[in-house]
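Below is one structure; the comments refer to it alone.
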Amino acid sequence: MNARVLNFLGLGLVGIVGVAFLILTPRLAELDTVLDLTVYMIMAILALSLALIWGYGGILCFGQSAFFGLGAYTYAIAMFNLGESTIPLLLAIALPAAFAALLGYFMFYGRISDVYLGVITLTVTLILFNSVNSTAGPEFHIGVARLGGFNGIPGIPPLNYPGNKAAVIDLEGMFYLSTAALLATYFGLRLLLASRFGRIIVGIRENERRAELLGYDPRAYKLATFTIGGALAGFAGCLFANWGNFVSPTIFGLAQSAQIIIWVIVGGRGTLIGPIVGCIGVQWLSAALGANQPSGSDWWARILANVPLILGIILVAFVLLVPKGLVPTLGEFGLWLVRSRARRVATGLKPKQAEKG
Amino acid sequence: MAAPLLETRNLSMRFGGVQPVRSVNFSLAEGELRCLIGPNGAGKSTFFKMLTGQLVPSEGQVLFRGQDISHAYAHQIARLGIGIKTQVPSVFDGLSVRENIWLAANRIHSRERAGNVVDEMLERLGLTGVAERLVGQLAHGQRQWVELGIVLSTDPELILLDEPAAGMTYDEVHKTAQLVREINRSKALIVVEHDMQFIRMIAKQVTVFNQGCVLVEDAVENILRNPLVRDIYLGKQAAA
């Protein structure tokens with residue numbers, strides 16, 4: 001059994017589980033569960049956007065929420081002005097992508113080093129947070145859409161089937177759309193990473209100078225990766241604005257941007273399935289902890305209800321104890337089990353034969 | 001006389017008060033194999049970095065086939081046909097040997113062709129057996145070979161080798177010398193090396209660097225006999 005076969009099996013498994021989840025969930029679960037799962041799917045797309053640029057591109061972006069929020073706001077504003085969702089959806093992808101390209105251009109072509117890149121991206125999202133936060137007055141509007149400042153924009157019209165304003169996508173439809181979008185994103189990224197482009201960006205992550213000395217321009221590849229990541233995050237933002245029909249500046253905030261990083265760290269950099277698992281797991285945990293408001297005054301109940309504290313502990317625990325993240329560590333463990341079993345079997349056979357197989 | 005493949009004119013590098021390379025005029029003919037020797041800190045590695053665009057010279061010019069590349073980016077120079085094997089092997093440690101070579105071959109070959117080129121290169125360097133191993137897990141000597149494979153796979157006109165035999169066993173040194181001579185049948189090379197035995201195996205013409213300047217340039221036999229060179233370099237080594 002070689003890596004290629006394993007790879008293929010993994011892909012098939014993800015496909016089957018994904019499609020089964022897509023078809024079965026609305027039939028088996030209550031509507032509010034479906035609603036919760038929808039937002040998990042949307043956030044998982046956001047997690048994938050960082051999985052690409054950090055896990056594979058080696059670009060530590062601390063402000064992925066900037067593109068997520070821009071996507072959400074762009075959709076909301078365009079939707080109030082246009083009323084039909086096709087162009088707002090496209091804008092919600094294109095605008096964050098363009099913003100990522102502009103920001104990326106200055107960072108990569110200015111040869112900003114990794115640490116500063118993290119600082120700059122975090123600063124950008126916090127600037128957006130503060131700017132949008134202070135647009136509460138009626139004078140801040142784009143077309144007919146009021147920005148609403150810290151109150152956010154409520155009552156965002158949902159997506160409709162392309163070209164037909166009246167055919168609005170309902171809650172169940174949003175689940176199908178989000179899950180299908182997540183699957184499409186996952187498989188799309190797998191294709192991208194198997195392509196020449198994908199292999200080169202991984203090479204640049206491994207050794208940028210060497211890639212350069214072979215004749216690749218790392219700046220251009222990083223810029224392209226960053227832009228794709230921005231577009232994906234914007235797309236997720238558009239879906240998110242749809243899901244709650246609401247967007248507020250907290251989408252740009254520190255908690256949101258830190259969370260994306262936590263998902264990827266917990267799930268594992270350098271994999272795609274890891275950040276999806278990390279994202280869903282952490283969100284589920286946050287929801288479960290948040291829902292169990294302590295009735296008594298037990299000290300442990302109060303600690304458990306403090307979600308940011310628990311998330312912080314999880315982050316520290318993973319960085320210290322499982323630095324590679326859940327999925328790569330489990331993968332290594334699985335491989336070790338298989339190998340040690342194979343060795344035990346092999347010692348019973350002729351050793352030469354086992355080597356070749 | 002034909003135009004040189006590579007030429008530097010008054011090439012200098014200054015870092016604050018330190019000047020590791022001072023006004024070097026160097027010329028390499030098409031298809032030539034040149035050895036560069038000199039004590040530590042003589043400016044050899046800095047010289048290489050300027051040739052490959054990793055450092056922008058403070059003064060002077062680098063001409064490759066008559067084209068001024070002093071201010072070109074490293075990736076542009078690589079595309080013009082200068083490849084470098086660095087002193088500390090610079091490879092993609094987290095990737096397999098095959099993927100390492102592929103990343104190089106991919107730059108100049110089509111998708112179909114690259115696969116074949118990779119297989120040939122693995123065979124040629126005797127790395128086929130470890131093709132699927134991660135380069136970071138290989139022994140030092142093998143990592144040197146991987147880097148050599150990477151450099152050769154981009155098919156450069158001129159290859160710079162910074163201490164290719166460093167840390168190798170005697171057998172590996174022999175094998176490397178053989179390979180260098182073989183590469184020289186079709187390509188020009190500049191080799192920085194400390195190992196005099198290795199230099200005897202490969203060199204005809206030797207340039208000696210000392211304190212950032214070219215001290216002397218001569219055939220290898222004369223260099224070995226030159227008392228000045230013995231003093232600054234060989235003498236020191238013998239004494240050490």
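Where a number appears in this text, it was derived from the coordinates with a stated rule and is not lab data. Note that the structure is predicted; figures quoted are calculated from it, not measured. Methodologically, a virtual Cβ is constructed for each residue, glycine included, from the backbone with ideal geometry; neighbour enumeration extends over all protein chains shown.
Before moving on, here are some points about what is shown:
- Helix A:86-109 and the longest principal axis of the Cα set of chain A meet at an angle near 60°.
- Computed from the Cβ-Cβ distance with R0 of 25 Å, the FRET efficiency linking B:Ala139 to B:Arg181 stands at 0.55.
- Look at the stretch A:204-211: the mean tally of other chain Cβ atoms within 10 Å of its residues' Cβ atoms is 6.
- Taking 7 Å steps out from each Cα toward its Cβ at A:Ala255 and B:Arg225 produces label points 8.4 nm apart.
- If you plug the beta carbon distance of A:Val307 and A:Ser195 into 1/(1 + (r/R0)^6) with R0 = 51 Å, you get a FRET efficiency near 0.85.
- Within the shell of other residues whose beta carbon sits under 14 angstrom from the beta carbon of A:Pro26, the net charge comes to -4, with Lys and Arg scored +1 and Asp and Glu -1.
- Taken residue by residue and averaged, Cβ atoms of other chains lying within 10 Å of the Cβ of A:195-201 number 2.
- Computed label-point distance, nm, for sites A:Val319 and B:His194 using a 7 Å Cα→Cβ extension: 3.9 nm
- In this simple spin-label approximation, A:Asp170 and A:Ala342 carry label points 7 Å from Cα along the Cα→Cβ vector, and these lie 5.1 nm apart.
- Extension gain, A:His141 to A:Ser113, is 6.4 nm, computed as 0.36 nm per intervening residue step minus the present C-alpha separation.
- Partner aspartates and glutamates for A:Lys165 [C-alpha distance under 12 Å; skip if fewer than 8 residues away on the same chain]: A:Glu84
- In chain A, the calculated helix contribution to ellipticity at 222 nm averages -24500 deg cm²/dmol per residue, counting -39,500 (n - 2.57) for every DSSP H run with n ≥ 4.
- Label point of B:Asp68 set 7 angstrom out along Cα-Cβ; within the range B:1-42, amide nitrogens under 15 Å from it belong to B:7-12.
- Rounded if a/c under 1.5, otherwise prolate or oblate - the range B:89-155, Cα gyration tensor axes: prolate
- Summary of packing: across the peptides B:97-106, A:275-284, A:129-138, the per-residue average of other C-beta atoms within 10 Å ranks them, highest first, as B:97-106, A:275-284, A:129-138.
- In this structure, the residue pairs whose Cα-Cα separation is over 28 Å, taken from A:Lys222/B:Lys187; B:Lys44/B:Lys175; A:Lys222/B:Lys49; A:Lys324/B:Lys175; A:Lys222/A:Lys324, are A:Lys222/B:Lys187; A:Lys324/B:Lys175.
- Estimated from the Cβ-Cβ distance and a Förster radius of 51 angstrom, the FRET efficiency linking A:Asn130 and B:Ser23 is about 0.40.
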